[in-house]
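The values are calculated or read from the model by the stated rules, or taken from the named source; none is laboratory data. What you see is a predicted model, and the numbers here were worked out from it, not measured in a lab. Because the Cβ atoms are built from the backbone with ideal geometry, glycine has one as well, and the counts that use them run over all protein chains shown.
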Amino acid sequence: MKKISFGMVGGGNGAFIGDVHRRGAVMDNLAVLSAGCFSRDLQKNKETAFLWGVPEDRIYSGYEEMAAAEASKSDGIDFVSIVTPTDTHYAIAKCFLEHGIHVVCDKPVTTTLEECRKLQRLAGEKGLLFCVTYTYASYAVIQQAREMIRQGAIGNIINIIAEYPQDWLIVSRASGASAKYAWRLDPARSGGTACCSDIGTHLEALISKMTGIRLEAVLARFIHFQGSPLEHDIQVLLRYENNIPGLLWASQIAAGNDCGVRIRVFGEQGSLEWTHTRPMELRYAPLEGPVQILTANKPYCYSACTSLCRLPAGHPEGFYEAFGNIYQGFCRHLAALKKGKAAEHFTYPTIEDAAAGLRFTAACLRSEQNGNVWTALDE
Ligand SMILES: NC(=O)c1ccc[n+]([C@@H]2O[C@H](COP(=O)([O-])OP(=O)(O)OC[C@H]3O[C@@H](n4cnc5c(N)ncnc54)[C@H](O)[C@@H]3O)[C@@H](O)[C@H]2O)c1
């Protein structure tokens, strides 16, 4: 199969997530990086391009120039990966969609729901794919959990507890290194929330993809650390369809925690639990039997899980592979589309999931502003 060609905006050497995207995108040999505008710093832009073998005539100093030039080439990029700070996503994604180029964008896709819906409409009108990289549901064992829930392993869901503690903000404040995170801490650039839109939305996406149930309302409390204008800790009561309750805690000031995603789903017949620090394992506690630790890629796993594993069971796969799984689904979908084939079932997060995340954020913000009251998600 001819490889899918892609370009990247953002992710210059030294940035966080762009490099993870590059490795995830090429992991299964489905895609090749052909063009880029990796940084507004010309030197860094070139260094990143050379490191990844991007030809000199396809290094661009601005994304508008890149979109126009690539759209006019017979062998121009099929899709662009956008890995810049969040407040820049809208203009960049809009520009590439207008030039007929498919988009992968990191989350949160935009700072407002309105902008997200505009991108959703534009992609729909143009018939273009739009992937948004919510990472955690793309771990293989989360798909195992999804299938087990679907098959009734834990019965009807009666409670969901999800948490995402980090300590980067409190650590960087103490060490005076906050400047590195400037865009994340600026209310004008972050859409009015910090912790909620950054990592609260990761949990919202994880719960929804793992359980398949729909969130209806939230009651949120935002905690501001040392007078920060933005919240850096959120505690949210959740109400899902059929009145299923849930509890979500995300924090950027939880000392001693790096990236401690943990989810527990309790059902009438048992429970399932996953922790990011043991990403290949799923704890399954059936009501009438011993607790079991399921390992990804074992013969007893569903194909929804094993198809996302690249190594024999017991060999750790993690964050890079989760991005690999997203890009694999996206590239297969795009390849089918290019061949004019009907879309099969492709599992990767899309702009619809991004809209769900922004609806969650907006509802949490309204709940907080109105005195921590139950708030329905906007349609
Ligand atoms: N999915 C995840 O797990 C995950 C993890 C971290 C970050 N993110 C998201 O990824 C995005 C980027 O975050 P980050 O931590 O990598 O940021 P970062 O600040 O480390 O990197 C941003 C990069 O974009 C470049 N850039 C900025 N504006 C540009 C422009 N107009 N043209 C070209 N390059 C430009 C910067 O030079 C830098 O290289 C954010 O939306 C963030 O929320 C997602």
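Would you call I263 within 28 Å of T306 (Cβ to Cβ) and β-branched (V, I, T)? So I263 fits the description; yes.
Looking for something of a type outside the set (K, R), closer than 30 Å to P290 by Cα and out of contact with any helix residue (DSSP H, G or I) (no Cβ under 6 Å at 6 or more places or on another chain) - is there at least one such residue anywhere in region 179-192? No, the conditions are met nowhere in region 179-192. The test for being in contact with a helix residue (DSSP H, G or I) (Cβ under 8 Å, 6 or more places away or on another chain), free of Cβ contacts under 8 Å to residues at least 40 places away in the same chain and not in a loop (DSSP other than H, G, I, E, B) holds for V103. Note on region 8-39: residues that are within 13 Å of the ligand (Cβ to nearest atom), more than 19 Å from the chain's Cα centre (by Cα) and surrounded by 14 or more Cβ atoms within 10 Å (Cβ to Cβ) amount to 7.
Tally up the residues in region 4-19 that are without any contact (Cβ under 8 Å) to a residue 60 or more places away in the chain and either under 12 Å from V80 (Cβ atoms) or not assigned by TED's automatic domain parsing to the domain that holds V104 (or both), please. Residues that pass the stated criteria total 0.
So that you can scan it fast, the table gives a plain yes or no per residue for (1) of a type outside the set (G, A, S); (2) part of a helix (DSSP H, G or I); (3) touching a residue at least 40 places away in the same chain (Cβ under 8 Å):
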position	(1), (2), (3)
L33	yes, no, no
N45	yes, yes, no
D57	yes, yes, no
M66	yes, yes, yes
E70	yes, yes, yes
G76	no, no, yes
C95	yes, yes, no
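Residues considered: T88, T84. Of these, the only one that is surrounded by fewer than 22 Cβ atoms within 10 Å (Cβ to Cβ), β-branched (V, I, T) and either within 11 Å of the ligand (Cβ to nearest atom) or outside the structural domain of A25 (by TED's automatic domain parsing) (or both) is T88. Report the residue count in region 127-162 for those that are touching a strand residue (DSSP E or B) at 6+ places or on another chain (Cβ under 6 Å) and within 16 Å of the ligand (Cβ to nearest atom). The total comes to 4. For R184, the conditions (1) closer than 26 Å to C331 by Cα; (2) within 11 Å of the ligand (Cβ to nearest atom); (3) not small (G, A, S) all hold with the exception of (1).
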